[in-house]
1. Looking only at residues that are among the hydrophobic types (A, V, I, L, M, F, W, C) and modelled with pLDDT under 95 in the stretch 1-12, which one is surrounded by the fewest Cβ atoms within 10 Å (Cβ to Cβ)?
2. Which one of these is within 26 Å of Leu176 (Cα to Cα), touching a helix residue (DSSP H, G or I) at 6+ places or on another chain (Cβ under 9 Å) and open to solvent by less than 20 Å² (accessible area, probe 1.4 Å): Met90, Met79, Met96?
3. Which one of these does Arg150 not meet: (1) closer than 25 Å to Val4 by Cα; (2) under 18 Å from the mean Cα position of the chain (by Cα)?
4. Please enumerate the residues belonging to the stretch 18-36 that are open to solvent by less than 50 Å² (accessible area, probe 1.4 Å) and closer than 18 Å to Phe229 by Cβ.
5. Residues in the stretch 252-301 that are among the polar types (S, T, N, Q) and either over 30 Å from the mean Cα position of the chain (by Cα) or open to solvent by 80 Å² or more (accessible area, probe 1.4 Å) (or both): how many?
6. Taking the stated definitions as given, is Gly315 open to solvent by 70 Å² or more (accessible area, probe 1.4 Å), more than 17 Å from Phe242 (Cβ to Cβ), in a loop (DSSP other than H, G, I, E, B) and out of contact with any strand residue (DSSP E or B) (no Cβ under 9 Å at 6 or more places or on another chain)?
7. For residues in the stretch 48-68 being free of Cβ contacts under 8 Å to residues at least 12 places away in the same chain and not in a loop (DSSP other than H, G, I, E, B), which is nearest to Lys3 (Cα to Cα)?
8. Is there any pair with a first residue in the stretch 219-230 that is open to solvent by less than 40 Å² (accessible area, probe 1.4 Å) and a second that is assigned to a helix (DSSP H, G or I) and at pLDDT 95 or above whose Cβ atoms are under 6 Å apart and which are 6 or more apart or on different chains, and what are they?
Amino acid sequence: MAKVVFEHVFKRFGDVTAVNDLSLDVADKEFLVLVGPSGCGKTTALRLLAGLEEISAGSIYIGDRVVNDVPPKDRDIAMVFQSYALYPHMSVYDNMAFGLKLRKTPKSDIDRRVKEAADLLGIGQLLDRKPKQLSGGQRQRVALGRAIVREPQVFLMDEPLSNLDAKLRVQTRAELIKLHRRLDTTFIYVTHDQVEAMTMASRIAVMRDGILQQLDTPQNLYDKPANHFVAGFIGSPAMNFFDTTVVGDNDKLFVDAGTFRLPVPADKMALLKPYMGKEVSLGIRPEHIYDPLFAPGDAVVAKIKSRVDVVEPMGSQLNLYLVSGTQAFVAVLDNRTKTAAEQDMEMAFDVNKLHFFDGQTKKAIR
């Protein structure tokens, strides 16, 4: 068990900077998730930590030891990849034991560790099977078991669930959370799926173009995104954005989107006064837009006129794709709402849930 520190780490591939001045502290026993779109540098950061790529500049610590020049086998880490990477000619038992045999671990220790890991993962009855006799979920458990038997200081996981079907992904996600709790060690997990990140992480590091955008708890990323990118990446469906201009006077401010205007909440007035007459990006999450008939009693709402474009019944909720003038947006509504495509509909925006971003820098105004 150990903390992990990235200290001003760079990784360059020729003219391309894949990881750009990454500074990141991962606490001992933390479950940290690196998340971002393809090509954002999250997997490269993991490979740098594992020693599979050479650092261009900066330092990486595992515990109190700088590991820049330490070979991967001596870093006391275990990695689980997107591909299961199992030896097809070996049994489950031998796949899990192989790394320990290479390290000349005593047979009694190998047997104990393999059986304990297999019981932990619910694959004890599969130890004599070959990988081709296993389902995708079972193969992924074997890959996890192979990492667990190492008893490393840090577990590294690179999109380990992406080859599983949707239902199995949800089940395995819950199993990984329980596994982290039982093993009580440091997990660093890479994914492009923000739902995975939100449900599993104690903290999330959001990356874009090799640059760390924000590091925070899942709830703080949702409630207080640092910029336009984080706000749009975290949350499903994604946050709605509108190009607006701040108008009004010293007593009351509005954000004007052309086809509608919304009042600025009293607690945001001082922040937005310097933006009078300037462009700001207005953000609101789909779940904070309501059918006026079913708006929560504590919500402070402002109504706008819109037209329904597409209706997606989701069982417990209704996803509506709407248009107001030229501005398209999404609302997640109570399933009691009755509407259809091409209908006009008044929507209620919760003004206390509005987010504001600088029109030029795209940083949150707060």
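1. Here the answer is Met1.
2. Met96
3. So the condition that Arg150 fails would be (2).
4. Correct list: Ala18, Val19, Leu22, Leu24, Val33, Leu34, Val35, Gly36.
5. 1
6. In short, no.
7. Arg65
8. Pro225/Ala231
The values are calculated or read from the model by the stated rules, or taken from the named source; none is laboratory data. Model, not experiment: these values are computed from the prediction. Methodologically, a virtual Cβ is constructed for each residue, glycine included, from the backbone with ideal geometry; neighbour enumeration extends over all protein chains shown. Just the protein is used for accessible areas: all its heavy atoms, side chains included, with ligands, DNA and RNA removed. Shrake-Rupley method; radii C 1.70, N 1.55, O 1.52, S 1.80 Å.
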